[in-house]
1. How many residues, within the stretch A:358-390, are more than 20 Å from A:Val232 (Cα to Cα) and away from chain B (no Cβ under 12 Å)?
2. Please go through the stretch B:81-98 and pick out each residue that is out of contact with any Cys (no Cβ under 7 Å at 6 or more places or on another chain), within 16 Å of B:Ala132 (Cα to Cα) and in a strand (DSSP E or B).
3. I'd like the full set of residues that are surrounded by 14 or more Cβ atoms within 10 Å (Cβ to Cβ) and under 28 Å from A:Trp165 (Cβ atoms), limited to the stretch A:47-64.
4. Please count how many residues of the stretch A:345-377 are without any contact (Cβ under 8 Å) to a residue 24 or more places away in the chain, exposed (fewer than 14 other Cβ atoms within 10 Å of the Cβ) and either in contact with a Phe, Trp or Tyr (Cβ under 9 Å, 6 or more places away or on another chain) or in a helix (DSSP H, G or I) (or both).
5. Filtering the stretch A:217-254 down to residues that are in contact with a helix residue (DSSP H, G or I) (Cβ under 9 Å, 6 or more places away or on another chain) and on the phi > 0 side of the Ramachandran plot, which residue is surrounded by the most Cβ atoms within 10 Å (Cβ to Cβ)?
6. Mind listing whichever residues of the stretch A:255-264 are surrounded by fewer than 20 Cβ atoms within 10 Å (Cβ to Cβ) and not hydroxyl-bearing (Ser, Thr, Tyr)?
7. Output the number of residues of the stretch A:1-26 satisfying the condition of being in a helix (DSSP H, G or I), under 30 Å from A:Pro104 (Cα atoms) and of a type in the set (Phe, Trp, Tyr).
8. Quick check on this structure: which one of B:Arg64, B:Arg60 is more than 14 Å from every other protein chain (Cβ to nearest Cβ), in a loop (DSSP other than H, G, I, E, B) and crowded, with 16+ Cβ neighbours inside 10 Å?
Amino acid sequence: MTDFDRTYTILLIVIVFAVIMGTVTYLTLAERKVSAWVQDRLGPNRVGPGGLLQPIVDGIKFFFKEDIIPKHVDRVFYFIAPGVGVATALLAFSIVPFGPSKPPPGPTPVTADRPVEIAVEQHRVDMEAYRSERTFAIAPGLDIGILFAFALGSLVVYGIILGGWSSNSKYSLLGSLRSSAQIISYEIPLGMSVLGVFLFVGSVNLEKILDYQVHHGWFVLYQPLAFLLFMVSVFAECNRLPFDLPEAEQELVGGFHTEYGSMKLGLMLMVDYIHMITTSFFMAILFFGGWHFPGLTDIGGTGGLVLKFVILALKVFVFLMLYLLVRWTIPRFKFDQLMGLAWQVMIPLAMINLLCVMAVKEFGLSPWMLTATSVITFVAAAVIATRERSTVVSRPVREPVEA
Amino acid sequence: MAAGTKSVRWIEEPKVGLFERMYLPAIAQGLATTVRHIFNPQVRTEGYPEEEPRLPPNYRGVHRLNRDEQGRVRCVACYMCATACPAHCIDIVAAAAPPEWKDREKYPETFVIDELRCIYCGMCEEACPVDAIELTTLYDLTGLSREEMIFDKEKLLSVFDYTVKTGTDPVRTCAGHYGPAAEPAK
């Protein structure tokens, strides 16, 4: 944990907030446009050239709509819920290194030829050097790193539960119950899939994870299965299709935000999009090397700085597009399928993957072994599923009864 | 009656093999379909206010009263359309034709159609022996008051002028062939 330059941090917070809000705004437009294109429609095209001003108009509408509060709601929690959701979703971004980063110095070990005084002095010098670097994260060098993000990720469910419960409506409650069950279930494979990464790096600090990938190659190459599990889990955490049961429109009207209106609804909807951006950053940083791109790391100066920003932004953009495209590709799961996927498929897979990582670390094998084990585990799971299914399915009666 | 064996077509349940069980290839196929639609869109949306729809010529829209070659109203005030009309929206007052109109005895002094009552069935068009009344392809019939939507003879004739000018003539009931009453007197 390092000290902060207050002015710089505040400036960073303002910029990051503005950029996230801008991205969220235009993500809604992208969502509508992409869904339109996928379905051979035009999408919003009335406001501004090609509908570019549509999200701004939507925002103005949200702000100026009459704020209807149903009589039967628990007013305190009803008001708190959207704030809790947005605040926790935004807070998770504070640890994300959204630009080029340097890893903070690790502890300086005391050895025979380096007594305590020299080690302490050495550490102080290292920390000084680290602090003098410009960092592009609101809370740089946070040692609990990604764990902080996971903690906040589980807090987001409070926004949903509070909203659903205080609305005092069956649809809202059903939506929030589904959401809590879903998020709690998927948190386990989410955490377990990145444990392998932590074992490799020896730290949960995002800058250190990034630095490791700069030197040893992206984690997606070594742990494709972990990446797959992580991606599926964050899709579930974001309540995105195919896991959007908390807001399944066909069954629950609007899910947990059925009783909400005006900007409170806007905030509720924004939570998902903020989450999408944050998790896209996490996917890019944990498994795709963040700002790192082979052959482009050593470019220095302002040009290099901008290039690294662009690389990271492009990676995040790809993941955001994947979010949008998957929505129109895979239909929604049933709830038992959703739970089955988490508990019967993903958690065992994550566990096996973790065991493989442990074995590789313990016996000092090549990390490429893990790529092989990932593929083998995945195919083996499919084989087991195929065999399992053929015994379970009962064939229907073939011949209809003659009249 | 219960369905017999012959009328029931049994469909084999698709076999889910290893390939499908791996999910990812299937999802990749699905994503490919999704992406293909983005880069090869087949948008059929009509940008309505900027882009007028092209209606078939037998579309039944606003009525018009046809003129003959001399620019006179072709109607002979026979009341056939008013009789045929199931909505009773046509009101005609007949008068003796001016003496210089040699081909007919009567002509409509007033010819009023209540466009709000009309159900656009096209029976008036079918009933007309001289093809005087026709339904055009004009579809955007709007007005701010009920009075405005009651079309008199002048208005209906102006619809004829408009459709002739813009070249949106409807399909004629007799395909250019008029009935005996419309033939000039010999």
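The values are calculated or read from the model by the stated rules, or taken from the named source; none is laboratory data. Model, not experiment: these values are computed from the prediction. Cβ coordinates were reconstructed from backbone atoms using ideal geometry, including for glycine residues, and neighbour counts include every protein chain displayed.
1. Within the stretch A:358-390, residues that are more than 20 Å from A:Val232 (Cα to Cα) and away from chain B (no Cβ under 12 Å) number 13.
2. B:Asp91, B:Ile92, B:Val93, B:Ala94 - these are the residues of the stretch B:81-98 that are out of contact with any Cys (no Cβ under 7 Å at 6 or more places or on another chain), within 16 Å of B:Ala132 (Cα to Cα) and in a strand (DSSP E or B).
3. Answer for the stretch A:47-64, where residues must be surrounded by 14 or more Cβ atoms within 10 Å (Cβ to Cβ) and under 28 Å from A:Trp165 (Cβ atoms): A:Asp58, A:Gly59, A:Phe62.
4. Summing the residues that are without any contact (Cβ under 8 Å) to a residue 24 or more places away in the chain, exposed (fewer than 14 other Cβ atoms within 10 Å of the Cβ) and either in contact with a Phe, Trp or Tyr (Cβ under 9 Å, 6 or more places away or on another chain) or in a helix (DSSP H, G or I) (or both) in the stretch A:345-377 gives 5.
5. Taking the candidates together, the pick is A:Asn239.
6. Listed by number, the residues that qualify are A:Gly261, A:Met263.
7. The total comes to 2.
8. B:Arg60
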